[in-house]
Amino acid sequence: MEILMSKEPSYIRCIKPNDAKQAGRFDEVLIRHQVKYLGLMENLRVRRAGFAYRRKYEIFLQRYKSLCPETWPTWDGRPYDGVAVLLKHLSYKPEEFKMGRTKIFIRFPKTLFATEDALEIRKQSLATTIQANWRGFHQRKKFQKMKNSAIAIQSWWRGTLGRRKAAKRKRAVGIIRRFIKGFIYRNYPRCPENEYFLDYIRYSFLMTLKRNLPKNVLDKSWPTPPPSLQEASQLLRELCMQNMVWSYCKRISPEWKLQLEQKVVASEIFKDKKDNYPQSVPRLFLNTRLGSEDINAKVLQVLGNEALKVSPWPLPG
């Protein structure tokens, strides 16, 4: 009995829709008969005459607190005060409700229905707000993840570039040090301290020689070699001259070869013996310097068809 007395009784009246126990079938005569003899209409009239809705303050506030900005999302004061603030915000008229010690009583069902309609609209608004907040949170989390990934990639790439730059500088410093040390030991025999410098000097001389080779056998220009390449430079010069002479001789014609041979013989005979010999060197030798109009007609008759042969050598002055 103590357990039963501690509970709050609730009477439930069940209405049987049909005698065949079939779903979705309602026997109107049977239902009216049960409503009439169960006293439901009288109960409803009594209810309407009094307060149709009654709930404890905690339950009422928990259900409808979202309708008031002051009670949403939490109310820190007494439930009674929270319900009073909520009803004031909903603009309840004094004749529509009463405040008890532990419960609120609402007289008209339409007042409760209006509150329920407002709650449904509020639920839609809250659902939209929750969805927007969740989407915002999800996108911020996604953006933060992408940002962290981008920062990690940028940091790795900057580190890679920095390491490459540091290695390049270190390599350059090593080359400069080797070059300076080689310059200091340049006059010493070849050793690990000067081999890089000597190799660079040789390479530089060979590249300069490649760009400034003599153009012909009369061109006597030749780049000045470093001390370590004096002998090699002389050998290269001789080889270059031999190659140019061989190429020149290969291109010479038989007529020009005859001219050169004659010039050599004339040089042996007249060099340093005839004053105007240097001026005659550029002139080419001819078979004859006399034309037909310069020879007497009788002489030409005597000679007939014989070729006129004149010594090619110039007469001594």
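The values are calculated or read from the model by the stated rules, or taken from the named source; none is laboratory data. These figures come from a predicted structure and were not determined experimentally. Please note: Cβ atoms are built from the backbone with ideal geometry, for glycine as well, and neighbour counts cover all protein chains shown. SASA here: full protein model, heavy atoms, side chains in, ligands and nucleic acids out. Shrake-Rupley method; radii C 1.70, N 1.55, O 1.52, S 1.80 Å.
Condition check: open to solvent by 70 Å² or more (accessible area, probe 1.4 Å), free of Cβ contacts under 8 Å to residues at least 60 places away in the same chain and not in a helix (DSSP H, G or I). Does Asp76 satisfy that?
So Asp76 passes the test.
The criterion of being of a type in the set (Val, Ile, Thr), surrounded by 10 or more Cβ atoms within 10 Å (Cβ to Cβ) and either farther than 30 Å from Cys68 by Cα or touching a Lys or Arg at 6+ places or on another chain (Cβ under 9 Å) (or both) does not hold for Thr128.
Of Gly159, Gly182, all but one fail to be of a type outside the set (D, E, K, R), open to solvent by less than 80 Å² (accessible area, probe 1.4 Å) and either in a loop (DSSP other than H, G, I, E, B) or modelled with pLDDT of 90 or more (or both); the exception is Gly159.
Considering the conditions (1) surrounded by 15 or more Cβ atoms within 10 Å (Cβ to Cβ); (2) more than 43 Å from the chain's Cα centre (by Cα), Arg190 is excluded by exactly one of them, (1).
Scanning the stretch 215-225 for residues that are in a helix (DSSP H, G or I), within 30 Å of Lys250 (Cα to Cα) and open to solvent by 60 Å² or more (accessible area, probe 1.4 Å) turns up nothing. Quick check on the stretch 1-58: of everything there that is hydroxyl-bearing (Ser, Thr, Tyr) and outside any helix (DSSP H, G or I), which residue is least open to solvent (accessible area, probe 1.4 Å)? Ranking the qualifying residues of the stretch 1-58, first place goes to Tyr53. Among residues that are within 60 Å of the chain's Cα centre (by Cα), in contact (Cβ under 8 Å) with a residue 12 or more places away in the chain and under 24 Å from Leu112 (Cα atoms), Arg13 is not included.
Considering the stretch 233-255, the residues that are open to solvent by less than 60 Å² (accessible area, probe 1.4 Å) and more than 58 Å from the chain's Cα centre (by Cα) include one that is farthest from Lys220 (Cα to Cα), namely Ser253. Considering each residue of the stretch 228-240 in turn, none proves to be of a type in the set (Lys, Arg) and within 19 Å of Phe179 (Cα to Cα).
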